[in-house]
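A.B. asks: Okay, here's the structure, questions in a sec.
The values are calculated or read from the model by the stated rules, or taken from the named source; none is laboratory data. Since the model is a prediction, treat every value here as computed from it, not as a measurement. Virtual Cβ from ideal backbone geometry, glycine too; neighbours counted across all protein chains shown. Ligands, DNA and RNA are excluded from the accessible area calculation, which covers all protein heavy atoms including side chains. Shrake-Rupley method; radii C 1.70, N 1.55, O 1.52, S 1.80 Å.
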Amino acid sequence: MAKEKKIVVKKQAYIVNDEIADQIRAKMEEKNKLFFNIMGSIGAGKTLLLERIAERLSSKYRVFVINGDVATTIDADRIARQGATTVQINTGGGCHLTAKLILSELDKIDVDNYDIFFAENVGNLICPSSWDIGAQLNIVVVSITEGEYVIKKHPIIFKGADIAIINKCDLEGSDFDSKVLREDAAKIKSGMKVICTSAKSGLGVDEFISTLGIKNP
Ligand code: MG
Ligand code: ZN
C-alpha cells in the first residue's frame, strides 16, 4: 500500500473508533452506568488495584471488568475471585483496547445487569492514549518503582487522563519517592487529580473510589 494511502486508512480507523467510543459513552450515560478506563505499564499494579476495588464494591454494586491482554485470562480470573464479573479480551498482539473491542463485549451482556464498568487496558503508556474506549474517566496508574522520569517521558497519556494514580507508595522511602511523579502529573495537566496508593496495603484505595464518584462503597 502506498504511504499516503496507509496514512488515510489509519486516520479513518481513529475516526471510526472515536464514533464508536462516543456511542458507548452515550449509552452508558443514558443508562446511568459508570465506565472507567484503567491504563498503565505492565507491572504498575492495575490488576491488583482492580482486585482491591472489586473486593470493596462487590457487596453493594454489580461490577463488570473487561481485561485486555495479549494472552491468558490471568487478570480476569484474579479479579473475578474478588466478586466482580469479568471478561478477558486477548488482543493476540494488539497493544491497546479499542472501542470496537469494548462494544463487542458489551453487546454480549445485558448492560442493565451491572452498575459499574471498568476496562483494564493492555499494559503500556503509549498507544492506549490514542484509542478512546468510551469511558467517562481515564485513569493512568504508574508505580514509584518505574523511575522518576516515567511521567515526563509519557506526557500524552497523562494529558488525556482525568486521574493519575501513583501506586506502590508503601515502598516510599530512601529508594523510591513519589514527589517528582506527583509534581509532574499535576504540571502536565492542570486540575488532574493525583492519588498515592498501595494496592498491596490498601492505602489510598478508598480515596480513589470516592474520586471515581462511587457513593457509599
Ligand atoms: Mg494486569
Ligand atoms: Zn497499541
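A.B. asks: If you take every DSSP beta bridge fully contained in the chain, what fraction is antiparallel? Give it as a percent rounded to 5. Walk me through the intermediate numbers first.
C.D. replies: Numbers: 1 of 32 bridges.
Of all bridge pairs located within the chain, approximately 5 percent are antiparallel.
A.B. asks: With a 1.4 Å probe and all protein chains left in place, how much of the accessible area of the chain comes from carbon and sulfur atoms, in whole percent? Numbers along the way, then the final one.
C.D. replies: Numbers: 5570 of 10510 Å².
The value for the chain is 53 percent carbon and sulfur by accessible area.
A.B. asks: If you don't mind, there's one more thing I want to ask. Determine Rg/Rh for the stretch 1-82; Rg is computed over alpha-carbon atoms and Rh is the Kirkwood hydrodynamic estimate from the same atoms.
C.D. replies: Values: Rg = 17.1 Å, Rh = 15.6 Å.
On the Cα set of the stretch 1-82, Rg over Rh gives 1.10.
A.B. asks: Here's something else I'd like to know. Which ³J(HN,Hα) values, rounded to whole Hz and listed in residue order, are derived for the stretch 80-89 from phi using the Karplus coefficients 6.51, -1.76 and 1.60 in 6.51 cos²θ - 1.76 cosθ + 1.60 with θ = phi - 60°, glycine and proline given as x?
C.D. replies: Each residue's phi maps through the Karplus curve to give 4, 5, 9, x, 8, 8, 10, 9, 9, 9 Hz.
A.B. asks: Leaving out same-chain residues fewer than 8 places away, which lysines sit with a Cα under 20 Å from that of LYS60?
C.D. replies: The reachable lysines, counting only those whose Cα sits under 20 Å from LYS60, are LYS31, LYS33, LYS215.
A.B. asks: Which number do you get for Rg(Cα) / (2.2 N^0.38 Å) in the stretch 145-217? Working shown, then result.
C.D. replies: Working: Rg = 12.5 Å, N = 73, 2.2 N^0.38 = 11.2 Å.
After normalising by residue count via 2.2 N^0.38 Å, the value is 1.11.
A.B. asks: From the phi of every residue in the stretch 192-208, what ³J(HN,Hα) in whole Hz does the Karplus formula 6.51 cos²θ - 1.76 cosθ + 1.60 yield, where θ is phi - 60° and glycine or proline is x?
C.D. replies: For the stretch 192-208, the Karplus curve yields 5, 7, 10, 10, 8, 10, 9, 5, 6, 8, x, 3, x, 5, 5, 5, 4 Hz.
A.B. asks: In bins 10 Å wide, starting from 0, what share of all Cα pairs of the chain does each bin hold, as a percent?
C.D. replies: 8, 34, 37, 16, 4, 0
A.B. asks: I want the local charge near LEU34. Using Cβ-Cβ distances under 12 Å, sum +1 for each Lys or Arg and -1 for each Asp or Glu among the other residues. The partial results should precede the final answer.
C.D. replies: Working: positive: ARG25, LYS31, LYS33, ARG62, LYS215; negative: GLU29, ASP115.
Result for the local shell: +3.
A.B. asks: Would you please give the residues with an amide H less than 5 Å from that of LYS193, counting only those at least 5 places away or on a separate chain, with H modeled from the backbone geometry?
C.D. replies: Those qualifying (amide H under 5 Å, at least 5 residues apart or on another chain) are ALA164.
A.B. asks: So which of LYS10/LYS108; LYS10/LYS46; LYS6/LYS153; LYS153/LYS179; LYS46/LYS100; LYS152/LYS193 end up more than 24 Å apart, counting from Cα to Cα?
C.D. replies: Details: LYS10/LYS108 27 Å; LYS10/LYS46 29 Å; LYS6/LYS153 27 Å; LYS153/LYS179 16 Å; LYS46/LYS100 22 Å; LYS152/LYS193 17 Å.
Long pairs (Cα-Cα over 24 Å): LYS10/LYS108; LYS10/LYS46; LYS6/LYS153.
A.B. asks: Taking a probe of 1.4 Å, how large is the accessible area per residue of the stretch 1-91, in Å²? Please report the intermediate quantities before stating the final value.
C.D. replies: Details: 4920 Å² over 91 residues.
Accessible surface, normalised per residue, equals 54 Å².
A.B. asks: Can you list which of the DSSP-assigned H helices in the chain have a Cα extent of 30 Å or more along the long axis and an average Kyte-Doolittle score of at least 0.0?
C.D. replies: Working: long enough: 3-30 (41 Å, -0.81).
Within the chain not a single helix satisfies the rule.
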